[in-house]
Amino acid sequence: MHACGQVSVEPVFLAAPGTSDARLAAVAAAARGFVYCVGAYGVTGERERLEVTAAELVARLRPITDRPLMVGVGIGTPEQAAAACTFADGVIVGSALVKMIEENSASPDLVATAAEFVKALKQGVLTAAQ
């Protein structure tokens, strides 16, 4: 048993667009929670549009793992979340939420604004599931 398993933590492995097929197979075999599919080349953060590399990566992983495939990097709007969930099992949104919090940090409505942002992302994901 690996160290993560000894403390009931499911390791999450990342797969990037340029990952070799051999490495993807190793990631798929080792992943326990889900596979974090890095949706775009470059640094983390929202993009103007969802990159085609996200769908390509999920398509490469889908036949070799039954773990959920979650797309992150580049997801920043409900529309992008919905688009990603047409081929992925879910999305990971970090930078867009941090940016929204930073931009509204002085607002007394920060928590409500953040909740509305997350709710809109969730609705995008649910729309794709229908």
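Table for the structure above
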item: Candidates A129, A96, A115, filtered to the one that is surrounded by fewer than 20 Cβ atoms within 10 Å (Cβ to Cβ) and modelled with pLDDT of 90 or more; result: A115
item: Unique match (being modelled with pLDDT under 90, among the hydrophobic types (A, V, I, L, M, F, W, C), in contact with a strand residue (DSSP E or B) (Cβ under 7 Å, 6 or more places away or on another chain) and more than 20 Å from A26 (Cα to Cα)) among V91, V52, V73; result: V73
item: Leading residue by the ranking (nearest to S95 (Cα to Cα)) among those in segment 57-69 that are hydrophobic (A, V, I, L, M, F, W, C) and touching a helix residue (DSSP H, G or I) at 6+ places or on another chain (Cβ under 9 Å); result: L69
item: Residues that are surrounded by 12 or more Cβ atoms within 10 Å (Cβ to Cβ) and over 16 Å from T65 (Cβ atoms), drawn from segment 4-37; result: C4, V9, P17
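The values are calculated or read from the model by the stated rules, or taken from the named source; none is laboratory data. Everything quoted here is computed from the prediction, not taken from an experiment. Positions of Cβ are generated from backbone atoms using ideal geometry, with glycine treated the same way; all protein chains shown enter the neighbour counts.
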